[in-house]
Amino acid sequence: MTSAKFITFEGIDGAGKSTHIGYVAALLRSRGLGVVTTREPGGTDLGEALRELVLHQKMHLETEAMLMFASRREHLAQVIEPALTRGDWVISDRFTDATFAYQGGGRKLALEKLDVLEQWVHPHLQPDLTLLFDVPLEVARARLDATRELDRFEQEKVTFFADTRAEYLRRAAQFPARFRIIDSTRSIADIQTSLEQILGAL
Ligand code: TMP
């Protein structure tokens, strides 16, 4: 057993989570910790190939959910579990909460089916800390439209993101011990101060 922690970053597209991953990794490294940063879908060669498919190819909703978990299975085996065993902290840009929020909340796949996949793929592992970057939908949309060509998820309607966000918030209320909600409309400096406090407590 090591004291290494598994931290996940979550939020709807445009919530601004990715801006803060480098900051948290640098903060932990400055305290002498080994840190692995990674992402889902992706994080391995196979996972990145699956990411290309799920972000750009039309498919059945259940196929999409299973590919998310297939990518996750490989990610756990190749990256997350070995890092934690070595004693490195792991920061993942999205994990299983994203599947509940997007495929469950957004696309309306029965949550019971996702429970089964979760039990199959990681029955014993949960993040130690999940940072949920939360913003109103208009703010998230404005941030997205300012960037690059949109993928299959980013092109979804506003109601899809409302449902996705609602499922994220429902899970945060269901698992209060590991979730911290970050009001991502605040300035970067303010958010960094909150992140320092949260990590200090961890
Ligand atoms: P990213 O742009 O934050 O890297 O995430 C890629 C997209 O994949 C994002 O729109 C959310 C979506 N996604 C799911 O729908 N389900 C999942 O399980 C994961 C990990 C991501």
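From the list Ala15, Ala25, which one is at pLDDT below 95, touching a Ser or Thr at 6+ places or on another chain (Cβ under 7 Å) and closer than 28 Å to Glu149 by Cβ? Can you show your working first?
Numbers: Ala25 fails: at pLDDT below 95.
The match here is Ala15.
Tell me yes or no: at least one residue of the stretch 148-165 is of a type in the set (S, T, N, Q) and part of a loop (DSSP other than H, G, I, E, B). Give the derivation first.
Of the stretch 148-165, the ones of a type in the set (S, T, N, Q) are 155, 159, 164.
Restricting the remaining residues to those that are part of a loop (DSSP other than H, G, I, E, B) gives 155.
Yes - at least one qualifying residue is present in the stretch 148-165.
Taking the criterion of being under 17 Å from the mean Cα position of the chain (by Cα) and within 14 Å of the ligand (Cβ to nearest atom), would at least one residue in the stretch 23-35 satisfy it?
No, the stretch 23-35 contains no residue that is under 17 Å from the mean Cα position of the chain (by Cα) and within 14 Å of the ligand (Cβ to nearest atom).
Just give me the residues in the stretch 146-181 being of a type in the set (Val, Ile, Thr), free of Cβ contacts under 8 Å to residues at least 60 places away in the same chain and surrounded by 13 or more Cβ atoms within 10 Å (Cβ to Cβ), in sequence order. Steps first, answer last, please.
Of all residues in the stretch 146-181, those of a type in the set (Val, Ile, Thr) come to 147, 158-159, 164, 181.
Restricting the remaining residues to those that are free of Cβ contacts under 8 Å to residues at least 60 places away in the same chain gives 147, 158-159, 181.
Passing the criteria: only Ile181.
When you scan the stretch 95-143, how many residues do you find that are within 15 Å of the ligand (Cβ to nearest atom), modelled with pLDDT under 95 and small (Gly, Ala, Ser)?
Looking only at that region, the number is 1.
Residue-wise test of (1) among the hydroxyl-bearing types (Ser, Thr, Tyr); (2) more than 20 Å from Leu202 (Cα to Cα); (3) more than 14 Å from the chain's Cα centre (by Cα); (4) surrounded by fewer than 21 Cβ atoms within 10 Å (Cβ to Cβ).
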{"residue": "Met68", "(1), (2), (3), (4)": "no, yes, no, no"}
{"residue": "Glu81", "(1), (2), (3), (4)": "no, no, yes, yes"}
{"residue": "Ile91", "(1), (2), (3), (4)": "no, no, no, no"}
{"residue": "Thr96", "(1), (2), (3), (4)": "yes, yes, no, no"}
{"residue": "Gly104", "(1), (2), (3), (4)": "no, yes, yes, no"}
{"residue": "Leu125", "(1), (2), (3), (4)": "no, no, yes, yes"}
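So is Glu138 assigned to a helix (DSSP H, G or I), within 16 Å of His20 (Cα to Cα) and out of contact with any helix residue (DSSP H, G or I) (no Cβ under 6 Å at 6 or more places or on another chain) or not? Step through it out loud before you land on a result.
Values: assigned to a helix (DSSP H, G or I): yes; within 16 Å of His20 (Cα to Cα): no; out of contact with any helix residue (DSSP H, G or I) (no Cβ under 6 Å at 6 or more places or on another chain): yes.
Answer is no for this residue.
On the basis of being open to solvent by 40 Å² or more (accessible area, probe 1.4 Å) and more than 11 Å from the ligand (Cβ to nearest atom), does Leu53 make the cut? Steps first, please.
Numbers: open to solvent by 40 Å² or more (accessible area, probe 1.4 Å): yes; more than 11 Å from the ligand (Cβ to nearest atom): yes.
So Leu53 passes the test.
When you look at Arg143, is it open to solvent by 80 Å² or more (accessible area, probe 1.4 Å) and part of a helix (DSSP H, G or I), yes or no? Show your work before the answer.
On the way: open to solvent by 80 Å² or more (accessible area, probe 1.4 Å): yes; part of a helix (DSSP H, G or I): yes.
Considered against the rule, which asks whether it is open to solvent by 80 Å² or more (accessible area, probe 1.4 Å) and part of a helix (DSSP H, G or I), Arg143 comes out as yes.
Which of the numbered conditions does Thr130 fail, given that it passes all the others? Conditions: (1) buried (at least 22 other Cβ atoms within 10 Å of the Cβ); (2) over 15 Å from Glu10 (Cα atoms).
(2)
So which residues in the stretch 145-202 are touching a Phe, Trp or Tyr at 6+ places or on another chain (Cβ under 9 Å) and of a type in the set (Val, Ile, Thr), if there are any at all?
Within the stretch 145-202, Thr164, Ile181, Ile182, Ile188, Ile191 meet the criteria.
Does the stretch 13-32 include one or more residues that are in contact with a Pro (Cβ under 9 Å, 6 or more places away or on another chain) and under 30 Å from Arg186 (Cα atoms)? Reasoning before the result, please.
We begin by selecting, within the stretch 13-32, every residue in contact with a Pro (Cβ under 9 Å, 6 or more places away or on another chain); these are none.
Looking through the stretch 13-32, none of the residues is in contact with a Pro (Cβ under 9 Å, 6 or more places away or on another chain) and under 30 Å from Arg186 (Cα atoms).
The values are calculated or read from the model by the stated rules, or taken from the named source; none is laboratory data. What you are looking at is a predicted structure, and each value in this text was computed from that prediction instead of being measured. When we count neighbours, we look across all protein chains shown, and the Cβ atoms used for this are built from the backbone with ideal geometry, even at glycine. To get the accessible areas, we keep the full protein, side chains included, count just its heavy atoms, and leave off ligands, DNA and RNA. Shrake-Rupley method; radii C 1.70, N 1.55, O 1.52, S 1.80 Å.
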